[in-house]
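Below you'll find the structure, written out as structure tokens, and then a few comments.
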Amino acid sequence: MVLHKMRILSRFFTFVFLTASAVFSSFWTEDARGEPAVVEASDRFAGIVQVENAAIEPDYRTPWHGGVPGGGSGTGWLVGENLFMTNAHVVSNANRLIIRKVGNPEPLAAKLLHIAHDCDLALLSLVDPTPFEGVAPLPLGGVPRLDTEVIAVGFPIGGDRLSVTRGVVSRIDFRTYSHSGVDQHLAIQIDAAINPGNSGGPVIQGESVVGVAFQGLSGGSTQNVGYMIPMPVVKRFLTDVEDGSYDHYVDLAISTLPIQNPAQIKALGLPGGELGVMVTSVEGSGSSSGVLEVGDVLLEIEGSPVLSNGLIEVEGDLVNLNEIVERRFAGDEVMVKVWRDRKEKELTITLKRFLPYLIMAKQYGKRPKYVIYAGLVFQPLDRQLIEAYGIDDEVVAYFFSNFTTDEIYRERPEPVVLTSVLPDAVNTHLREFTHNIVDEVDGRMITCLDDLYHALYHPDEKAGEFAEIKLVEEGRPLVLERERVKVARERILRIYDVPEDHYLGGEG
């Protein structure tokens, strides 16, 4: 589930992914004194594997190059016949995937079947599954109760053996998943020491898997704080891919505010003070558009009362109200009860994915798009672009931060940024204009990168001798002489080792 108002994490705390390298033959556990002890791997852990990823990481500062080598390793486990579960961040941007079996150092070629960046899960299979014939998949459990013991199993950094760490379930919460940076789902906090390399490994209670280790909290005074992806998220992912493709999470696409002030309750005419949250925004292209209204008080979802603090009871636990929607799929309908104009009203919302939020999410497995014209480099605005260039321009920050809340996506579905200048005689004195949003080219509004490319490289018949590029809130346009640009094109591409002057997406 996506929060459309971004939350800023404390500078003293940082979520960290848990990937690292390890080679193994047995596993570590803890004895009664808390001391590590070596135990030979048993059949119970035969389905737990190490996953190695040789990746190509995209380079946003030189998007015309293929990227830079990267990768790492984590943990996976057998969830079905030739199906291995792990984290999406363990296998993101994969160029080559290897699985290693407990007690066998032989690298086994694997392939990616499905990846869900919004919930940090992935499924792999072996090219040749023969080594796992007779190995039983790990059984799936439910949501563990608070103050019950679990074990996290994986291949942490600093050792060459399978590691087992014991801990207690300390919190069940709705939390941001670090892999995308914006998606929020149910997460379970445990005090087991989950270390780099544990990512994707099973968290086990009794004989069943109750979660997937995926991130930890470090910094400040925190110690032994780890998080696992619980079974409702895991099972939803497995259900989603049953038809052969992953269709992503759906979203109510609203913002809400708790109603706990007695005067406000009285002013709204609410019959009681324990139920309801106020709808403060409804995204124009989201599931709730045309159904919910700003000012509605959301009282129930699918018959479950919404408490005034935004929590709702699901399977005996109080969780974020979005948890009911979390377990649904695109096209599903949910019944809601709202308080509007001092009357109860029952409404039906048809769920769908809300795409504009992706500008704020970390992207994976995609080649960065760009256009180069006269040495000016233009790229679509997104989170990784801002981070790569360290852009702090106020206009760019406004477009990014308010893309969904102010519905900028309606007019400009893909804002374009002038990110850099490859110096050449044709573009002198233009570097000062970088890190700005492109507004128009020759009077034509630029709504996406395709618009920019066609306006510059395929101008209409009325285009004059000069190309004029206007930036948002910039007094004077950037003026370029078209004939000089044509002459400079090949020179610039050769000097800066650029194979092509644009990439607009798709294959290649």
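The values are calculated or read from the model by the stated rules, or taken from the named source; none is laboratory data. Computed from a prediction, not measured in an experiment: that's the story for all the values here. Glycine gets a Cβ as well: all are built from the backbone with ideal geometry, and neighbour counts include every protein chain shown.
Here is how the numbers come out for the structure above:
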quantity	calculated
Search result, residues across the range 409-442 that are in a helix (DSSP H, G or I) and touching a strand residue (DSSP E or B) at 6+ places or on another chain (Cβ under 8 Å)	Val426, Asn427, Arg431, Phe433
Conditions (1) under 24 Å from Pro305 (Cα atoms); (2) part of a strand (DSSP E or B); (3) in contact with a Gly (Cβ under 8 Å, 6 or more places away or on another chain); number of the one not met by Gln260	(2)
Checklist (1) out of contact with any Ser or Thr (no Cβ under 7 Å at 6 or more places or on another chain); (2) under 26 Å from Pro58 (Cα atoms) applied to Leu124, failing item	(1)
Test: residue in the range 164-174 that is in a strand (DSSP E or B), in contact (Cβ under 8 Å) with a residue 60 or more places away in the chain and surrounded by 24 or more Cβ atoms within 10 Å (Cβ to Cβ)	yes
Pairs, first farther than 27 Å from Leu351 by Cβ in the range 249-271, second of a type in the set (D, E, K, R), C-beta under 6 Å, six or more apart	Gly269/Arg342
Flag for Ala54 being free of Cβ contacts under 8 Å to residues at least 40 places away in the same chain and either surrounded by fewer than 17 Cβ atoms within 10 Å (Cβ to Cβ) or charged (D, E, K, R) (or both)	no
Residues located in the range 394-424, provided they are within 18 Å of Pro477 (Cα to Cα) and of a type in the set (Gly, Ala, Ser)	Ser420
Breaking point among (1) touching a Pro at 6+ places or on another chain (Cβ under 9 Å); (2) over 30 Å from Ser420 (Cβ atoms); (3) not in a strand (DSSP E or B), for Lys366	(2)
Extreme residue, nearest to Gly211 (Cα to Cα), among residues of the range 68-105 that are free of Cβ contacts under 8 Å to residues at least 40 places away in the same chain and out of contact with any helix residue (DSSP H, G or I) (no Cβ under 8 Å at 6 or more places or on another chain)	Gly71
Pick from the range 351-363, criterion touching an Asp or Glu at 6+ places or on another chain (Cβ under 6 Å) and farther than 23 Å from Leu418 by Cβ, ranking: surrounded by the fewest Cβ atoms within 10 Å (Cβ to Cβ)	Leu351
Counted residues, the range 56-113 - those being basic (Lys, Arg) and either on the phi > 0 side of the Ramachandran plot or over 23 Å from the mean Cα position of the chain (by Cα) (or both)	2
Total residues in the range 213-223, condition in contact with a Ser or Thr (Cβ under 9 Å, 6 or more places away or on another chain) and either polar (S, T, N, Q) or modelled with pLDDT of 90 or more (or both)	3
Test: residue in the range 421-434 that is at pLDDT 90 or above and under 22 Å from Gln363 (Cα atoms)	no
Tally, over the range 342-379, of residues that are within 18 Å of the chain's Cα centre (by Cα) and farther than 27 Å from Asn322 by Cβ	2
Per-region count, the range 388-408, residues surrounded by fewer than 17 Cβ atoms within 10 Å (Cβ to Cβ), in contact (Cβ under 8 Å) with a residue 12 or more places away in the chain and assigned to a helix (DSSP H, G or I)	1
Verdict on Glu313 being acidic (Asp, Glu) and either modelled with pLDDT under 90 or closer than 30 Å to Gly142 by Cα (or both)	yes
Filtered residue count, the range 181-204, keeping only those that are under 16 Å from the mean Cα position of the chain (by Cα) and charged (D, E, K, R)	1
Any chance Asp460 is modelled with pLDDT under 95 and not small (Gly, Ala, Ser)	yes
Yes/no for Ile229 being of a type outside the set (Phe, Trp, Tyr) and either part of a helix (DSSP H, G or I) or modelled with pLDDT under 90 (or both)	no
